[in-house]
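Following: one structure in structure tokens, then a few remarks.
The values are calculated or read from the model by the stated rules, or taken from the named source; none is laboratory data. Please read these numbers as outputs of a predicted model, since none were measured by experiment. Positions of Cβ are backbone-derived with ideal geometry, glycine not excepted, and every protein chain shown enters the neighbour counts.
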Amino acid sequence: MMRGTLLALLAGCLAVPVAAQRDFDIDGPVELHIWMTAKAGHSDALVKTFTEVFYPAVSSMPGFRDALLMRKPSTDEFTVRLSFDTEEQRMEWVASDKHQRAWPALSSHSQETDYDGFAVIHPK
């Protein structure tokens, strides 16, 4: 299972973000789960930024399937579920100018961020 810390990506200072590298050898749909712990007092801002900044940016990208923000009740723990038709399209999102604006805006509200990627398997 692949796990990686996005601390370098949070700073938004990399020309090609680490998450833009082809991490997953997957031919079909991919889903990325991003776990975030909101900074104290930032939970509402994280939700607002996901709704007003991140989602509009990512949903306009080719291959976009879905993005959800989930919150564990009574905590500051969130999960972003992000899915694309292909790994290549996910990488195009990460390398895009839209991502370079939307991701730092969202992640600025998180004190801890981690992620993992998955192949999406549909029953036949």
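Is it the case that some residue within segment 89-112 is under 17 Å from Met36 (Cα atoms), part of a strand (DSSP E or B) and not acidic (Asp, Glu)? Yes, there is a match, as at least one residue in segment 89-112 is under 17 Å from Met36 (Cα atoms), part of a strand (DSSP E or B) and not acidic (Asp, Glu). Residues in segment 42-55 that are loosely packed, with under 15 Cβ neighbours inside 10 Å and either in contact with a helix residue (DSSP H, G or I) (Cβ under 8 Å, 6 or more places away or on another chain) or under 14 Å from Phe78 (Cα atoms) (or both): Asp44, Lys48, Thr51. The residue pairs whose first member lies in segment 108-124 and is touching a residue at least 40 places away in the same chain (Cβ under 8 Å), whose second member is among the charged types (D, E, K, R) and part of a strand (DSSP E or B), and whose beta carbons are closer than 6 Å, counting only pairs six or more residues apart or on different chains, are Phe118/Glu31; Val120/Glu31. In segment 61-82, the residues that are small (Gly, Ala, Ser) form Cβ pairs under 8 Å with partners that are in a strand (DSSP E or B) and modelled with pLDDT of 95 or more, at six or more places apart or across chains, as follows: Gly63/Phe84; Ala67/Val80; Ala67/Arg81; Ala67/Leu82; Ala67/Ser83.
Regarding segment 38-59, can at least one residue be identified that is in contact with a strand residue (DSSP E or B) (Cβ under 7 Å, 6 or more places away or on another chain), small (Gly, Ala, Ser), more than 15 Å from Asp85 (Cα to Cα) and touching a residue at least 24 places away in the same chain (Cβ under 8 Å)?
Yes, the conditions are met somewhere in segment 38-59.
Could you figure out which of (1) in contact with a strand residue (DSSP E or B) (Cβ under 8 Å, 6 or more places away or on another chain); (2) outside any helix (DSSP H, G or I); (3) surrounded by fewer than 17 Cβ atoms within 10 Å (Cβ to Cβ); (4) modelled with pLDDT of 95 or more isn't true of Gly28? Only one criterion in (1) in contact with a strand residue (DSSP E or B) (Cβ under 8 Å, 6 or more places away or on another chain); (2) outside any helix (DSSP H, G or I); (3) surrounded by fewer than 17 Cβ atoms within 10 Å (Cβ to Cβ); (4) modelled with pLDDT of 95 or more is unmet by Gly28, namely (4). If the condition is being out of contact with any Asp or Glu (no Cβ under 6 Å at 6 or more places or on another chain) and not in a helix (DSSP H, G or I), then segment 32-55 contributes Leu32, Ile34, Met36, Lys39, Ala40, Gly41, His42.
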